[in-house]
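Just so you know, all these numbers are worked out from the coordinates, no wet-lab data involved. Just so it is clear, the structure is predicted and the values come from calculations on it, not from any experiment. Cβ placement follows ideal geometry from the backbone for every residue including glycine, while neighbour counts extend to all protein chains displayed.
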Amino acid sequence: NAGVTQTPKFQVLKTGQSMTLQCAQDMNHNSMYWYRQDPGMGLRLIYYSASEGTTDKGEVPNGYNVSRLNKREFSLRLESAAPSQTSVYFCASSELGQGFGYTFGSGTRLTVV
Amino acid sequence: QKEVEQNSGPLSVPEGAIASLNCTYSDRVSQSFFWYRQYSGKSPELIMSIYSNGDKEDGRFTAQLNKASQYVSLLIRDSQPSDSATYLCAASTASGGSYIPTFGRGTSLIVHP
């Protein structure tokens, strides 16, 4: 049972380059989320998808786009990477309803130089 | 702006003692609350969830919720060195067809032998 799988685990980009972070879950969860985690800042929500076919902005969406490809997959795209986007990115998923927890992937450590 | 506040610590306790972690939240309509443990370099993992006032016990862990005071706590009994980690508190609010968690910045716990 893989849970939430993120790829890649590590990435170094040059300023201005683009890339897509991939996330897939095998728990049949409806909702999926992208967070970034920076030292001293905690987890901040970038985008979320309540269910297949819907996406919404979170707290820090600028510079990112997302695609909910199907129920399993939710990708995060950086169109023109900036050093301020250096962070650890976590994908998470959850079942709909009050009280259900969030299962996190292992994270992608991104460095933009 | 929804906020979840935690003391950053570190909280240092001796092995076998009770560790008490606290959290306050600003959004009065938050419905579900979660405690996550995060080891350095790893992803957050769910310890407990709670959404009714009072106490909820699971093994060595007890979560306490007081909605009137907007306060959540986590007690860890018989603390072990393996409990040394950062503990994240999250408050979840219904939004856009999903339940969106807001995370605190975490409290670092050190359990020394």
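Here are the numbers:
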{"quantity": "21 Å tail of the calculated P(r), the protein assembly as shown, as % of Cα pairs", "calculated": "55 percent"}
{"quantity": "Cross-link reach list, aspartates and glutamates versus residue B:2, counting only Cα pairs under 16 Å and skipping chain neighbours closer than eight places", "calculated": "A:59, B:27"}
{"quantity": "Sites residue A:28 and residue B:94, calculated FRET efficiency, Cβ-Cβ separation with R0 25 Å, nearest 0.05", "calculated": "0.75"}
{"quantity": "Förster-model FRET efficiency, 35 Å R0, residue A:51 and residue A:88, C-beta, rounded to 0.05", "calculated": "0.85"}
{"quantity": "Ascending count of other beta-carbon atoms within 10 Å, so fewest first, for A:26, B:83", "calculated": "A:26, B:83"}
{"quantity": "Lysines whose Cα lies under 27 Å from that of residue A:14, excluding same-chain neighbours fewer than 8 positions away", "calculated": "A:57, B:42"}
{"quantity": "Gained length - residue B:51 relative to residue B:66, 0.36 nm times residue gap less alpha-carbon distance", "calculated": "4.4 nm"}
{"quantity": "Coil-residue trypsin sites (Lys or Arg not before Pro) of segment A:1-57, DSSP, other Cβ within 10 Å capped at 15", "calculated": "A:9, A:14"}
{"quantity": "Value of relative contact order over chain A, rounded to a whole percent, pairs C-alpha under 8 Å and six or more apart", "calculated": "36 percent"}
